[in-house]
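> Below is the structure I would like to discuss, written out as structure tokens.
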Amino acid sequence: MTQREFSDTLKKALNGQVPPHVVTENLNYYADYIYGEMQKGRLERDVLEELGDPRLLARTIIDAEDSSRAGRRRASGYADVYEDGDTGEAGRGAYHINKWVVFGVLFLILFLICMILFFTFRTAFSLLFSFRGIGFWAFLLLIIYGLSRRR
């Protein structure tokens, strides 16, 4: 088998199975690898023999691309299963929440807190500065007078 035959077989096996950029990347990679090994003094047939059957390489590339696509779909969705980086085992518990939902909930909580404070202070000030609040002012003046007389 020659390098040309190797590349043609690999290309035929990959076409339609993976995106075109993956085909191009792998063809370029193997062409560069073969060329680099030949520059080191190795024979073309020895390098190609080492690489093995291009259809088997294509199957490995296709499987890797399928796994990669599945991983991207899982990572971009609202999956409740995650991969544990240390053990590679699947686990439960990674929930993805839209950031706008989080912002909306935070805004609602802050709004409610502000409304509670507003009505609390409005009620307090209306009592302090109304006729009913005159007892508070009289009590405050008595305390101030009492503290000033002690000196």
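> Determine, yes or no, whether Glu5 is without any contact (Cβ under 8 Å) to a residue 12 or more places away in the chain, touching a Leu at 6+ places or on another chain (Cβ under 9 Å) and either of a type in the set (D, E, K, R) or in a helix (DSSP H, G or I) (or both).
In short, yes.
> Moving to a separate point now. Determine whether Arg69 is of a type in the set (Lys, Arg), out of contact with any helix residue (DSSP H, G or I) (no Cβ under 8 Å at 6 or more places or on another chain) and either in a helix (DSSP H, G or I) or modelled with pLDDT of 90 or more (or both).
Here the answer is yes, as Arg69 does meet what is asked.
> Something else: Would you check if there is a residue in segment 44-58 being among the basic types (Lys, Arg), farther than 16 Å from Glu5 by Cβ and out of contact with any Phe, Trp or Tyr (no Cβ under 6 Å at 6 or more places or on another chain)?
No: zero hits.
> Out of segment 8-23, which residues are of a type in the set (Val, Ile, Thr), over 21 Å from Glu44 (Cα atoms) and assigned to a helix (DSSP H, G or I)?
Answer for segment 8-23, where residues must be of a type in the set (Val, Ile, Thr), over 21 Å from Glu44 (Cα atoms) and assigned to a helix (DSSP H, G or I): Val22, Val23.
> Please work out if Val47 is hydrophobic (A, V, I, L, M, F, W, C), under 38 Å from the mean Cα position of the chain (by Cα) and surrounded by 14 or more Cβ atoms within 10 Å (Cβ to Cβ).
In short, no.
The values are calculated or read from the model by the stated rules, or taken from the named source; none is laboratory data. Note that this is a predicted model, so its numbers are computed, not measured. Methodologically, a virtual Cβ is constructed for each residue, glycine included, from the backbone with ideal geometry; neighbour enumeration extends over all protein chains shown.
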